[in-house]
1. Once a ≥ b ≥ c are taken as the square roots of the eigenvalues of the Cα gyration tensor of segment 274-314, is the result rounded (a/c under 1.5), prolate (a/b larger than b/c) or oblate (a/b not larger than b/c)?
2. How large is the charge dipole for segment 235-330, taken about the Cα centre, if only the Cβ atoms of Lys, Arg (+1) and Asp, Glu (-1) carry charge, to the nearest 20 debye?
3. With unit charges on the beta carbon (Lys/Arg positive, Asp/Glu negative), name the residue among G276, M321, L262 whose Cα is farthest towards the positive pole of the charge dipole of segment 252-336.
4. Please list, in chain and number order, the residues 5+ apart from S18 or on another chain whose amide H is under 5 Å from its amide H, with Hs placed from the backbone.
5. First measure r as the distance between the Cβ atoms of K33 and I94, then evaluate 1/(1 + (r/R0)^6) with R0 = 60 Å and state the FRET efficiency to the nearest 0.05.
6. As a test of reading the structure, rank R86, R238, R255 by solvent-accessible area (1.4 Å probe, protein chains only), most first.
7. So how much accessible area does S134 have, in Å² to the nearest 10, using a 1.4 Å probe?
8. Report the gain in length on full extension from C287 to A257: 0.36 nm times residue separation, minus Cα-Cα distance, nm rounded to one decimal.
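The values are calculated or read from the model by the stated rules, or taken from the named source; none is laboratory data. Being a predicted model, the structure only gives us computed values, none of them experimental. For neighbour counting, all protein chains shown are included, and Cβ atoms are generated from backbone atoms with ideal geometry for every residue, glycine included. Accessible surface areas use protein heavy atoms only, side chains included; no ligands, DNA or RNA. Shrake-Rupley method; radii C 1.70, N 1.55, O 1.52, S 1.80 Å.
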Amino acid sequence: MIKVLKTIGPERFCGIVSDNTGNTRVARATVVKEFSWIINLVDAPHHLQLMLKDIGNLPYFKKTIDCCRQMVKFFRKSSHANAHLRERRKDLNIKTGLTSFGKTLFSTAFHENFVDGFANGAFSAKLEELLTHSTVSDVYVFWLATLAELHDIITDPHVPMPNGVHEDIRCIANFRWKAMIEQAPRDVYHTGFILDPCYRKSDILLQANANPLAIPPMRLGPSRQVPASTVNLPDPVRQAGRFLLDLLRIEYNDRKAPICGLREDVAVELLKAQVGKYYRGEAPFDCPVTPEEGPHEWWEKLNQDCSEVTQPIAQLATFVMGLTPNSMSDEHTKVSMLVRLAQIQQWEKNENLSTRKVRCPTVRFRNLNFALRMQQNRPARDPKRDVGHEDESADEAESDSSADSEGELNYDGLNNEDANGATRDLWGASQPT
C-alpha cells in the first residue's frame, strides 16, 4: 500500500478509512506512521453495524428475531404465499418486501417498513445524499441521532422492557460511542461537527458530554482553571481548536508545506483568533450557507482568499471536511466502475507490451549443423507451377517461413525430426521412427 501511495504521491491523500479487522487496522496504522498528515479513520457503517449486532444478540430479543427468521423463510419457500404478499403490497403501496438475512448486509435481522410520513421522496433523496456525499460532520450527527433514539426507547415508560435490558443497551451504545468518537486515533468527527457552519451554534456544544446515554461523572476537588483568552469558548470548541493546532504543526514540521507563505508562529496565533471568530460568527465567517452547498463548499469559498483574514483555518477546515468517512465505495462498487478499472488495467498492460523488447528465437550451437541440413534438403520449387499463381506463392512463402520458425523453436527438444522423417538425437545420430 505504501508503494502505491508513493507512486501516486502521498501528498494527494488526506485520510485512510477501512473496517476494524486486524490486518486493515495494522495497515492504517502503518500508513499513518509513514505519512503523519494522513488521518486514520474507522469505517462508520461497520462500527454502527457492530453496535446493532450486539443489541440483537441480547437474549431478550432472541425469540422475536427467531420468529422473524421463520417468517422470512416461509415466504421465501412458498410461492403461493409470496404471490399473495405481493398483491397486498401493491394494494397498500409498499414498494419494499421482506428482506432475507445476510451476513454481509448490515442489520438485516428484520425489515421494518417506513410509515407513510417517512416514505416520501424528500426523505429518500436526503438519505441517498447522506450516503453518497457524507462528511465527518454527518457521521457525528448520525451517531448522536442514533443514541438519542435509543435514549427515547429505554426511557419510554410505555416500552415493556426490563431495566436490565435498558442497562445492557446503554452499556453497548456507550462502548461503541467511545470506540468510534471519543477514543478515535484523531478527534476528527467532533472537530468536523464544529466546523460545519450549520451546527456551530448548536446547544450540544454547551453540554459537557454530547452523548445522551452517558452518565455524568462526579468531580472531587477544585474546579479546573480556564485560561482567560479562551474563557468565552465552550470546552468542545477549545477541543476542536487543539486538534486544528496539531494539524497545523504537522503541515509545517512533517509535510513541509507552509500555508499561504505564513510563518509557523504567525499561523498559530492567527488560528487561535480565527477559531473564536468562527464560533461567534464574525466576519468573514458570517456568510450564510446556501441550500445548494455543503460545509466543504462553504469552506472552499473562504479558502480562495489567501490573506490572513481567512488563513490558516480555511485551508485546514477544507482538509477536514473533504475526508470521506466510509469505505462504502469499496464495499459496493458499481459495475460501471469495475468496467473502467478493467479497461485501465488492459491499457496499462498494452503499454508495457509495446515498450518491451522482442526476443527473436535463436539456435543453439550444438544444433546448428542439423538446422543447415534441413535447409539444404528442402525440395526445390517448380517454376512452372508458380506461373500465374502469385497469390498462392505468397501464401506458400508465408507458410514456409512459419514452418521454419516452428522448426527453429523445436531445436531445444531432446529429439528432432529431419526432412526424411528420421529422428536425430542431440548428437546428430539417426534413429529409426
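1. Numbers: a/c = 2.20, a/b = 1.29, b/c = 1.71.
It is oblate, given that a/c is not under 1.5 and a/b is not larger than b/c.
2. Here the size comes out at about 320 debye.
3. L262
4. L41, D43
5. Numbers: r = 51 Å, r/R0 = 0.85.
Efficiency, from the Cβ-Cβ distance: 0.75.
6. On the way: R86 110, R238 35, R255 60 Å².
Descending order: R86, R255, R238.
7. Around 20 Å² of this residue is reachable by solvent.
8. Details: separation 30, 0.36 × 30 = 10.80 nm, distance 2.83 nm.
Working it through step by step, the gained length comes to 8.0 nm.
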